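A quick write-up on the structure given underneath.
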Amino acid sequence: MLRATVKQVLRQMRVRGVPPPGLTEDIETAVRECARIFTPRRVIRRFGWNGREFLNGYAPRGNDILRHLSACESVYLFAATLGDMPDRECSRLMEQGSSYKAFMTDSIAAVMIENYCDDECAALAVRESGTFTARFSCGYGDLPLGEQKEICRMLDTPRTIGVHLSESGLLMPQKSVTAFIGRKNEGNGVIMKTCGNKCSACDKKDCVYRAGGDE
Amino acid sequence: MKKDFAAFLKTQRVLFDGAFGTVLQRKTDKIGTVPERLNLTRPELIAEIHREYAAAGADVISANTFGANRAKAGADSAGLITAAIEIARSAAPDKFIALDLGPTGLLAEPVGTSSFDELYGIFADAVKAGANADLILVETMSDMTELRAALLAARENSALPVIASMTFAEGGRTFTGVSPETFALTASPLADAVGVNCSLGPAELLPIVEKLVTLTPKPVIVQANAGLPDERSNYAVGADEFAEYAEKFLALGVRIVGGCCGTTPEFTAKLRRVVDSFADKPFVSAYVPRSAVCSATKAVFIDGVRVIGERINPTGKKAMKQALLGGDMNYIATQAVEQADAGADILDVNAGLPELDEKTVLPSLVRYVQKITDLPLQIDSSDSAAVENALRAYNGKAIINSVNGEERSLSSLLPLAAKYGAAIVGLTVDERGVPETADDRIRIAEKIIARAAEFGIPERDIYIDCLTLTVGAQQEQACRTLEAIRRIKAAHDVKTVLGVSNISFGLPARRIINSAFLTAALWAGLDLPILNPGLAENMQAVAAYNVLSGADKACAEYAEKYADYNFAVSSETSYKKTDGAPSEPLERAIYKGLDSAAAETAALLDSGISPLDLVNERLIPALGKVGDDYEKGVLFLPSLLAAADSAKKCFDEVKKRMPAATGNKGNIVLATVKGDVHDIGKNIARTVLENYGYRIIDLGKNVEPEAVVAAVEKEHILLCGLSALMTTTVPNMAETINLLKTRCPYCKIMVGGAVLTEDYARRIGADFYCKDVNADVRFAREVFGK
């Protein structure tokens, strides 16, 4: 079940303080509708890892990902999507002059995909024993967006979940995520907490979406 | 040596081989990114797998060409394909060899960036390279545009039999929402066999197959996966269970079975025994012929009254004519959505104006409308070039409106209907002119039906239009039309279609006559009324008919629809009173983003306020107050947008009375740059800027730098807005700016997008950095001075 709280959506819509009357109810209605029409899917595969690169020879670029996956015995590649309905709905609403609803739908979808990824990663940890890292996506730290190409190829995302990568590195449908997840053998379905939250690890300090520490 | 697969399929059940990819992975892990390259580097390995499947008893060997198209394999594509077919041919000389065409890996518009033509070109090249195969298997398709591109490429570049197979997800639809119904309706005319493969195991596919065999007259193919893979790529279903399901499929009437991912020669051997056990059993067909049309995601069965919305047609509609001439797609979008919301089942689209090049505009209109709504479309044109282009663009099974009894019309349009599998409206008029009697109408109808039959078009795909003549001019014709409808339905399996509003031309209180005629026609057997669903009495007539004829079981739909009939329905959210909101009703409604602002505007205009005064003294300042409060942080973006939406409806009211009142403070070109499809920011900017009185030329998303320059040059544009949301596409923004600065130095450039900063914007040469939509308005004012 896809989920999004009003608080998360308000933050995504960059509304601070007390929301204007009616907005909360509109968000609740829209969240229900979005959960009904979006079609989430994910694909997760486990690959051998020698501490620096995958056993098939693929070595992701950047120092942050290596640090993240250090001491892991295997690495899971993860890809998830809400399907094509968010793109189609936003476009349709915009075209018919409902920019308010389009913006709300887009914001809810942005929240839902992250929550969906969180839930799927938690379920993975329960299914497989061991200790898992938090998921690490391209664009985090110094992991270039270009690494998505290999992830999508190794997971065959067009065929498994209908996610394509454009030449410019854009995932299509837009509300899609790819990530690396590392696993150590000991432990039982634990997900390691990274220091601080996702935003604190990132350099873009003037990002309008930067979390205030409650993520 | 080539073999006749079509003849074999006619009399035999067929066994395809099993998975290639998963078997290859078990034999070697040196596969690389393009497995088809092994056709050149390890042909003996490829041949080995083919031999194993041939020995296991497969009738058809799929050549190793699944990903060999040029989008995935590059320039080597043709060479890899010819090598693959040669290898298969020599490894299995007495088997049928299939050219196996998988997806290109590109995603079609509008969610992706690839056009139908681009996809068609890729498949056409692959088909030509694979000319030495015995048949073409188009498989693992999940997108209707890509499927159609592949099937048409196969049909138009080869005489080989073509099989169409789609991949369905657990919800019973493909990733892009294609259903078994829309797949069967669209693909059956374009292929020799249709079916499903991949993604799901046989148990999960069974319900889909049970549906599919009732939906197509063509032989059905099923190639399931060996169950669903786990995270370690292990497939759960074994060969025995797989074979059990194959037996179920064959008993349902499936004619071709095989295996997809996770299956092996062991599976094929077991399937061989199952297929052989059906050898003396006659073919079973579960097909139920039904009259239907569809879009990519919605099928409409004509087994009751189905309303065709008539509004997207410039004939006699000034606003629509202006919209088409001016490229005002938003107006067209609202018409499409309003008709759908009012209960239309199908939408008519017509771009017939002398000023327009119909053969380019009609397909564009079709592409646009099918993005906005999932209702099937009726392509309204008699120009065969326009109709063909529109059919190619149309992602489903369309209606062509129309042919008539003249040979010229029949011979130019019936072949198109047959080729693309469209339904066709037959107008009962011919070279002798408009018929006087019911007999004449029937005669022409039967001529059309007979001619269509020569092209293989069944009666259920023919919709006869018995013509509505003006009762004021030819009073007796109303009854003749009704009689013709009754008789043609009694004598044939056709459906009937009719536009009703012409009946009352020249009379007062037209809607009274229209409504009565519509009701009479429905009782005479009219299936597809063409009307304006926004007029309440039209949908009321249909609803009442459905109750009285028994179509609306237990009157349930009627009871629900009209339960609150006497009460005014307020359609927008209830914002409670807030401080800070203006007190005047119009300004308050805009500030709070209410739809009632439009009614307020209409009332004010009716009371005599000049449109120009209303715009300049009420609407613009109202928006200004919203913008100011947004800047102060009193209102946030959602409220700004709700106000903008509300204001737009007010401006639409003004435009209805005085198209020029909203004026034009200046023309602005907006675009999301090449490689980027994030456009919500740009669209928000467009909405707000339009409300402030600027004319926006919106080039859309993924726009080439040259296209931006061309648009700016064309009208000597003074302000251009560019958006980009990814670090990888910002260079394209820089390139666009450079080109603009060189070719159009008079044009100022503003940029926006979460990935940008003031600093970076300056560095790439932009004149303005927009951190939010208010900044856009400020810069526009600076550039245009108003």
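In the condition set (1) more than 8 Å from chain A (Cβ to nearest Cβ); (2) part of a loop (DSSP other than H, G, I, E, B), B:Thr672 is compliant with all but (2). Just for the range B:365-382: of the residues that are outside any loop (DSSP other than H, G, I, E, B) and of a type in the set (A, V, I, L, M, F, W, C), which one is nearest to the other protein chains (Cβ to nearest Cβ)? Among residues in the range B:365-382 that are outside any loop (DSSP other than H, G, I, E, B) and of a type in the set (A, V, I, L, M, F, W, C), the one nearest to the other protein chains (Cβ to nearest Cβ) is B:Ile372. Confirm whether B:Leu689 is surrounded by 20 or more Cβ atoms within 10 Å (Cβ to Cβ), out of contact with any Lys or Arg (no Cβ under 6 Å at 6 or more places or on another chain) and closer than 26 Å to A:Ser98 by Cβ. So B:Leu689 passes the test.
In the range B:436-449 there is no residue matching the filter, namely being touching a strand residue (DSSP E or B) at 6+ places or on another chain (Cβ under 9 Å) and touching a residue at least 60 places away in the same chain (Cβ under 8 Å). Taken over the range B:96-122, the residue count meeting the criterion of being under 27 Å from B:Asp676 (Cβ atoms), open to solvent by less than 10 Å² (accessible area, probe 1.4 Å) and either among the hydrophobic types (A, V, I, L, M, F, W, C) or part of a helix (DSSP H, G or I) (or both) is 3.
This table checks each residue for (1) within 20 Å of B:Pro180 (Cα to Cα); (2) more than 14 Å from every other protein chain (Cβ to nearest Cβ); (3) part of a loop (DSSP other than H, G, I, E, B).
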| site | (1), (2), (3) |
| --- | --- |
| B:Leu205 | yes, yes, no |
| B:Val213 | yes, yes, no |
| B:Lys218 | yes, yes, yes |
| B:Val222 | yes, yes, no |
| B:Leu228 | no, no, yes |
| B:Tyr235 | no, no, yes |
| B:Asp240 | no, yes, no |
| B:Glu244 | no, yes, no |
| B:Glu247 | no, yes, no |
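So which residues in the range B:28-37 are at pLDDT 90 or above and either open to solvent by 40 Å² or more (accessible area, probe 1.4 Å) or more than 20 Å from B:Gly105 (Cα to Cα) (or both), if there are any at all? Hits for the range B:28-37 are B:Pro35, B:Arg37. Once the range B:149-185 is narrowed to residues that are part of a helix (DSSP H, G or I) and open to solvent by 10 Å² or more (accessible area, probe 1.4 Å), the residue that is nearest to the other protein chains (Cβ to nearest Cβ) is B:Glu181. Taking each residue of the range B:617-643 that is within 13 Å of chain A (Cβ to nearest Cβ) and looking for partners that are small (Gly, Ala, Ser) with beta-carbon atoms closer than 6 Å, six or more apart or interchain, yields B:Val626/B:Ala643; B:Leu641/A:Ser99; B:Ala642/B:Gly593; B:Ala643/B:Gly593. Can we say B:Gly721 is closer than 14 Å to B:Val669 by Cβ, within 14 Å of chain A (Cβ to nearest Cβ), open to solvent by less than 70 Å² (accessible area, probe 1.4 Å) and outside any helix (DSSP H, G or I)? Criteria not met by B:Gly721. Within the range B:318-336, the set of residues being farther than 17 Å from B:Leu699 by Cα and open to solvent by 10 Å² or more (accessible area, probe 1.4 Å) comprises B:Lys318, B:Ala319, B:Lys321, B:Gln322, B:Thr334, B:Gln335. Residues that are more than 17 Å from B:Val366 (Cβ to Cβ), out of contact with any Gly (no Cβ under 9 Å at 6 or more places or on another chain) and free of Cβ contacts under 8 Å to residues at least 40 places away in the same chain within the range B:397-434 comprise B:Glu406, B:Glu407, B:Arg408, B:Ser409, B:Ser411, B:Ser412, B:Gly433, B:Val434, listed in sequence order.
Looking at B:Ala761, is it without any contact (Cβ under 8 Å) to a residue 24 or more places away in the chain and either within 37 Å of the chain's Cα centre (by Cα) or more than 27 Å from B:Asp645 (Cβ to Cβ) (or both)? For B:Ala761, the condition - without any contact (Cβ under 8 Å) to a residue 24 or more places away in the chain and either within 37 Å of the chain's Cα centre (by Cα) or more than 27 Å from B:Asp645 (Cβ to Cβ) (or both) - is met. Within the range B:422-471, how many residues are over 23 Å from B:Pro376 (Cβ atoms) and not aliphatic (A, V, I, L, M)? Final tally of qualifying residues: 17. With respect to B:Ile424, is the statement that it is open to solvent by less than 10 Å² (accessible area, probe 1.4 Å), closer than 24 Å to B:Asp357 by Cα and either touching a Pro at 6+ places or on another chain (Cβ under 8 Å) or of a type in the set (D, E, K, R) (or both) true? The answer is no for B:Ile424.
Hey, does the range B:304-316 have a residue that's basic (Lys, Arg) and touching a residue at least 40 places away in the same chain (Cβ under 8 Å)? Yes - at least one qualifying residue is present in the range B:304-316. From the list B:Lys632, B:Lys625, which one is surrounded by 15 or more Cβ atoms within 10 Å (Cβ to Cβ) and of a type in the set (Lys, Arg)? Answer to the selection: B:Lys625. The one condition from (1) within 21 Å of B:Cys260 (Cα to Cα); (2) in contact with a helix residue (DSSP H, G or I) (Cβ under 6 Å, 6 or more places away or on another chain) that B:Glu139 does not meet is (2). What's the number of the condition B:Ile221 fails, among (1) surrounded by 22 or more Cβ atoms within 10 Å (Cβ to Cβ); (2) closer than 30 Å to B:Val547 by Cβ? The single condition B:Ile221 does not satisfy is (2). Just one of the listed residues (B:Glu715, B:Glu706) is farther than 18 Å from B:Ser610 by Cα, of a type outside the set (S, T, N, Q), open to solvent by 10 Å² or more (accessible area, probe 1.4 Å) and in contact (Cβ under 8 Å) with a residue 40 or more places away in the chain, namely B:Glu715. Taking the range B:458-577 and the helices (runs of 4 or more DSSP H) fully enclosed by it, no element has 1 or more residues that are in contact with a His (Cβ under 9 Å, 6 or more places away or on another chain) and either within 21 Å of B:Glu338 (Cβ to Cβ) or open to solvent by 60 Å² or more (accessible area, probe 1.4 Å) (or both).
Among helices (runs of 4 or more DSSP H) entirely within the range A:1-118, having at least 2 residues that are at the interface with chain B (Cβ under 9 Å from one of its Cβ atoms) and open to solvent by less than 40 Å² (accessible area, probe 1.4 Å) singles out A:23-37, A:85-95. Condition test on B:Ala286, is it assigned to a loop (DSSP other than H, G, I, E, B), open to solvent by less than 50 Å² (accessible area, probe 1.4 Å) and either at pLDDT 95 or above or of a type in the set (Lys, Arg) (or both)? So B:Ala286 fits the description; yes. Taking the conditions (1) open to solvent by less than 20 Å² (accessible area, probe 1.4 Å); (2) over 30 Å from the mean Cα position of the chain (by Cα) in turn, B:Val673 satisfies each one other than (2). Please verify whether B:Ala761 is farther than 14 Å from B:Asn667 by Cβ, in a helix (DSSP H, G or I), within 14 Å of chain A (Cβ to nearest Cβ) and at pLDDT 90 or above, treating the condition exactly as stated. The answer is yes for B:Ala761. No other residue among B:Leu498, B:Leu507 is without any contact (Cβ under 8 Å) to a residue 40 or more places away in the chain and within 28 Å of the chain's Cα centre (by Cα) apart from B:Leu498.
The values are calculated or read from the model by the stated rules, or taken from the named source; none is laboratory data. These numbers come from a predicted model, not from an experiment. Every residue, glycine among them, receives a Cβ derived from its backbone with ideal geometry; neighbour counts consider all protein chains shown. Protein only, heavy atoms only, side chains kept; ligands, DNA and RNA dropped before computing areas. Shrake-Rupley method; radii C 1.70, N 1.55, O 1.52, S 1.80 Å.
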